[in-house]
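The values are calculated or read from the model by the stated rules, or taken from the named source; none is laboratory data. No experiment lies behind these values; they were computed from the predicted model shown. Counting neighbours? That spans all protein chains shown, and the Cβs are built from the backbone with ideal geometry, glycine included. Only protein heavy atoms, including side chains, enter the accessible area calculation; ligands, DNA and RNA are left aside. Shrake-Rupley method; radii C 1.70, N 1.55, O 1.52, S 1.80 Å.
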Amino acid sequence: MFRFWIYLPFHLLVAMCLCHSIKVPTSSQHSFNSDLFSCNHSLILADGKETTVHLLKDIPKRYCFILEEDRATAPFTVTVTPCDVPIEWSILVHKASTKFLGKAARGDYDTLEATKSQKIPKLVSMIFNYKGNSVETYMGMSSYSAFYMLEFLSVERDTHITVYLTTDTTSGHLYPELPVDPRIDVIGIDHATVTLAWKHSPSVLKHKENIQYCLLVNEKHNYKSLCAAETAIRSSGMKSPPALALSLFPYFLDHQQVMILSNSELSIINRVSTGEVRQICMGTKNTYTVPNLRPSTQYYFDVFVVNLLTNASAAYTGTFARTLEEPEPKIIELKDGKVIHLILDGKKQKFYSLQYQARHKKIQFTFQSCSGQVEVQIARNGKVLASENIAGFRHFSLKGKLLDTYLVQLRPMDHTNSSVKVQVSSHFHKPVFPLLPESLKIKSFSKLRTCNSVTIAWLGTQEQSKYCVYKKRIKEDQVWMEVWRADRCSGPKSRHNSEKVLCKYFYDINLRRAVTTQTIKGLEAGTLYLFDVYLTGPSGIPVRYHSKVVRTRKKC
């Protein structure tokens, strides 16, 4: 997981480093000179701890460490991780006689004075130099007391790095180990997913409970270290802490982030200027299928093995892959007068395509949204004629030419499944769906509401139709599900007989008088009820009015 950076004032950082009480005089600015103990404005590098170093452009920064007599012949390693731009860093060693170096390192200033008036066997040499932005580790062995200096330089811009020095190789590794072959393999790819696999880190096999893999997905380039990825995300406009530290520290997402926790996998989607950056931590699984990718898009994949105890990480060799082109959507042929019922997958958010070739000049499309909102687009011979979001019923009457080709595209508006019924017909005199009133709303009369009865009203049509009324006792927390997530295409057959109030027929040639009322009695005082009205026309297909929730009076 990503690490939180703790930025300390310079004087505090110096105080922390000087806790080793190793005193050294200063020297010239750029290299060792004839002064035996040179470390100009340098800090003492702590042994066994990862140190964050901030570099200003074109200003070298030095850290020192000393291997004394009691540590002679001991191995040591220095690991440097650039967190942004390429840097240059070097290790210089000053080898001197044990007699003088040992005393001076312990602060014997009589010895220091003596060095000014006599020649001392010494040798200054550069034992390592590197330029670049990769994580590099120097492994050395000293057979004598020695004074070491690390010098860091950034020539591009201000940046920061991490440095880890250790002389103890017996107590385990701060950084997780990489396998002999640290490559990431692409083992599967299609238009929306890429499947990756990598060899297990030896650290996972030894300390499974403290190690996990984290995957970074972006559209820009690969990252050679976790801190380089963190820096890139922050520089793209992220205000919040690094996301891979989520399982260790409290964390708050801003409006540019989406967090998903599913099946013990933690996914963070950061919306940045260069596209989405995804971060997924999947425990110790060494295969993963990245979902919901865009077709024909190149993605870069980096895997980091993270030590949960130290927050240190090691990067596998990144890879990249381009998703395939999206296949042509399957087109469903519409037949004149036939009703089809479609279930739209809200997770995929894709268009469903329907096609119809006109047998008459005038045709009518009818859509009934059964649940959720549905985006509808109708095109003829490649030209868009209508585009609307539908929640309920909608008719589109169109006029064209014989054999015109109509393409209908449907897509759910929510990230949950939606369903819709579709019909196209050229026979206006034989409608499958019943004739609908101007509004499908149910009205209740507050003044007529009592402790045990409610009066409702609804509009009818000029066509003789059957209207059935149902009631259901519900609780406050059920209102949203019952009203907004109800299946509007379901008919009276989906209801319990105990919920049925009555069925009746009515119509009126004068639409202004095509209104009916109904008083439902035998209700309980102070209780919430859901009322539904179903309209069934000659074809037998039911239409459900918008549900109405009413509470009876508590006192009468």
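Once you place label points 7 Å from the Cα toward the Cβ at His221 and Ala386, how far apart are they in nm?
5.2
Which value, in Å² rounded to 10, gives the accessible area of Tyr505 with a 1.4 Å probe and all protein chains present?
140
Please work out the FRET efficiency for the pair Ala197 and Glu328, using the Cβ-Cβ distance as r and a Förster radius of 22 Å; give the result to the nearest 0.05. Intermediate results must be reported in sequence, preceding the final value.
Details: r = 30 Å, r/R0 = 1.37.
Plugging the Cβ-Cβ distance into 1/(1 + (r/R0)^6) gives 0.15.
For the full complex of protein chains and a 1.4 angstrom probe, list Met139, Met413 by accessible area with the highest value first. Display every interim value, and only then the final one.
Numbers: Met139 150, Met413 70 Å².
Most to least solvent-accessible, the answer reads Met139, Met413.
What distance in nm separates the two pseudo spin-label positions at Ile343 and His546, each 7 Å out from Cα along the beta-carbon direction?
Label-label distance for Ile343 and His546, simple model: 2.8 nm.
Round to the nearest 10 and report in Å² the accessible area of Tyr213, as given by a 1.4 Å probe over the protein chains' heavy atoms.
0
Dividing the alpha-carbon Rg of the range 333-390 by 2.2 N^0.38 Å yields what?
Working: Rg = 12.4 Å, N = 58, 2.2 N^0.38 = 10.3 Å.
Here the Cα radius of gyration is 1.20 times the empirical estimate.
Could you tell me which of Pro538, Ile442, Ser453 has its Cα farthest along the dipole of the range 442-551 towards the positive end, charges placed at Cβ (Lys, Arg +1; Asp, Glu -1), taken about the Cα centre?
Checked the options; the winner is Ser453.
So which of Lys61/Lys131; Lys443/Lys504; Lys504/Lys554; Lys347/Lys493; Lys466/Lys548; Lys220/Lys350 end up more than 22 Å apart by C-alpha? Present the calculation step by step, with values, prior to reporting the outcome.
Details: Lys61/Lys131 15 Å; Lys443/Lys504 18 Å; Lys504/Lys554 30 Å; Lys347/Lys493 30 Å; Lys466/Lys548 19 Å; Lys220/Lys350 26 Å.
Flagged as over cut-off: Lys504/Lys554; Lys347/Lys493; Lys220/Lys350.
Of the listed peptides 215-221, 154-160, 381-387, what is their order by residue-averaged count of other C-beta atoms within 10 Å, with the highest listed first?
Values: 215-221: 19.4, 154-160: 15.9, 381-387: 10.7.
The packing order, highest mean first, is 215-221, 154-160, 381-387.
Please find the FRET efficiency linking His496 to Thr317, where r is the Cβ-Cβ separation and R0 is fixed at 60 Å, and quote it to the nearest 0.05. Numbers along the way, then the final one.
Numbers: r = 62 Å, r/R0 = 1.04.
With a Förster radius of 60 Å, E is 0.45.
Under 17 Å from a label point 7 Å along Cα→Cβ of Glu177: give me every residue in the range 305-325 with its amide N that close.
Of the residues in the range 305-325, 305-308, 313-316 have backbone N under 17 Å from the label point off Glu177.
Residue separation times 0.36 nm, minus the C-alpha to C-alpha distance between Asp158 and Met481: what's the value? Spell out each step's value before the answer.
Details: separation 323, 0.36 × 323 = 116.28 nm, distance 5.48 nm.
So the chain would gain 110.8 nm between Asp158 and Met481.
At 7 Å along the Cα-to-beta-carbon direction for both Lys57 and Lys504, put a label point, then send me their distance in nm to one decimal.
For Lys57 paired with Lys504, the spin-label model returns 8.3 nm.
Please give the contour-minus-distance gain from Ser446 to Asn292: 0.36 nm per residue of separation, less the Cα-Cα distance, rounded to one decimal in nm. Mind dumping the intermediate values first?
Values: separation 154, 0.36 × 154 = 55.44 nm, distance 4.95 nm.
Full extension from Ser446 to Asn292 adds 50.5 nm.
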